[in-house]
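What follows is a set of notes on a single structure, which appears directly below.
The values are calculated or read from the model by the stated rules, or taken from the named source; none is laboratory data. Note that the structure is a prediction, hence the values are computed from the model and not measured. Positions of Cβ are generated from backbone atoms using ideal geometry, with glycine treated the same way; all protein chains shown enter the neighbour counts. The protein model used for the area step is the full one, side chains on, heavy atoms only, and it has no ligands, DNA or RNA in it. Shrake-Rupley method; radii C 1.70, N 1.55, O 1.52, S 1.80 Å.
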Amino acid sequence: MRSIVTAMPLEAILTVAAALFCIGLFGALSRRNIIGILMGVELMLNAVNINLIAFWRYLEPTNTSGLIFAIIAITVAAAEAAVGLAMVIAVYRTRLTINADEVDTLRG
Amino acid sequence: MEIAFFIITALLTIGAAVAMVLSHNAVHSALWLVLNFFGVAVLYLLLNAPFLAMVQITVYAGAIMVLFLFVIMLLGSEQGQEEVNGLPWQTPVALVMGLLLVVMAGYALFFPGTPVPTTQTPNEIGAPDILARKLFSTYLLPFEITSVLLLVALIGAVVLTMKSREGDRV
């Protein structure tokens, strides 16, 4: 069975992951909506996971560390999304806005 | 075959991500993100990690995106407040930072210091049973710490969204 390792160079997958990370970074930086920012962060976490899996597959296919690390990263992403969205709801309750620019109580 | 499949998946994934960033309606944004997650799951399948692909679909496309859509619709913020542009310089700066990162990543990829050696042993490591055996033996401590993290996140989410008795508007 041919596999992607022989068909594609590692750099191709890393390029896709880097592009996704950059798009996520742009989304997280350019959005005003807090939910939009959180979605950008999710995209970046995904790109990191692709990198982990690609390096595992190409360099260390006999070692499961890369896979385990990706699973733990997904768990952390899930926890981050849950707490982040809970904070969005808490902010909306007190400030009646989810625009990140209007939540500026700590501004000096 | 693999090359064509990979290119189609990569284009789909990146296209969905771009559409997600550019769409102004938060619900459309979330749905594009779901498509992106499915693309990433297919990439995992291509990389011989079937368990990760299924986890990607159930956790990301299932749980996390339902949470996102639920909050978007609960707060009625489909249109967002993107028109109120409080920091007009923010978008160009974000664009420059993103492009800078693209250039840096491209430089690192196309001018590598040392070539990356690739091993080509056939593997069944990505199979769920072997992964589970590893997870419950070698990586038992990280696994348990992860469960504690999830518990903390659960309690944190409940506490953050709990209604306080006195109205404590800031």
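The table for this structure:
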{"quantity": "Filter result for B:Leu43 (under 30 Å from B:Asp129 (Cα atoms) and of a type outside the set (Ser, Thr, Tyr))", "calculated": "yes"}
{"quantity": "Hits in the range A:83-108 (condition: open to solvent by 30 Å² or more (accessible area, probe 1.4 Å) and not β-branched (Val, Ile, Thr))", "calculated": "A:Met87, A:Tyr92, A:Arg93, A:Arg95, A:Leu96, A:Ala100, A:Asp101, A:Glu102, A:Asp104, A:Leu106, A:Arg107, A:Gly108"}
{"quantity": "Any hit, the range A:33-40, residues being more than 7 Å from chain B (Cβ to nearest Cβ), buried (at least 21 other Cβ atoms within 10 Å of the Cβ), under 15 Å from B:Val71 (Cβ atoms) and in contact with a Phe, Trp or Tyr (Cβ under 8 Å, 6 or more places away or on another chain)", "calculated": "yes"}
{"quantity": "Among (1) facing chain B (nearest Cβ under 7 Å); (2) open to solvent by less than 20 Å² (accessible area, probe 1.4 Å); (3) part of a helix (DSSP H, G or I), the one test that A:Pro61 misses", "calculated": "(3)"}
{"quantity": "Criterion violated by B:Thr58 - all others in (1) part of a helix (DSSP H, G or I); (2) facing chain A (nearest Cβ under 7 Å); (3) of a type in the set (S, T, N, Q) satisfied", "calculated": "(2)"}
{"quantity": "Subset of the range B:1-21 (residues that are buried (at least 19 other Cβ atoms within 10 Å of the Cβ) and within 13 Å of the chain's Cα centre (by Cα))", "calculated": "B:Thr13, B:Ala16, B:Ala17, B:Met20"}
{"quantity": "Selection status of B:Ile72, closer than 22 Å to A:Ala12 by Cβ, modelled with pLDDT of 85 or more and within 7 Å of another protein chain (Cβ to nearest Cβ)", "calculated": "no"}
{"quantity": "Residue identified as at pLDDT 90 or above, open to solvent by 40 Å² or more (accessible area, probe 1.4 Å) and not β-branched (Val, Ile, Thr) among A:Leu14, A:Leu45, A:Leu20", "calculated": "A:Leu45"}
{"quantity": "Within the range B:1-18, considering residues that are in contact with a Leu (Cβ under 9 Å, 6 or more places away or on another chain) and of a type in the set (Val, Ile, Thr), the one farthest from the other protein chains (Cβ to nearest Cβ)", "calculated": "B:Thr9"}
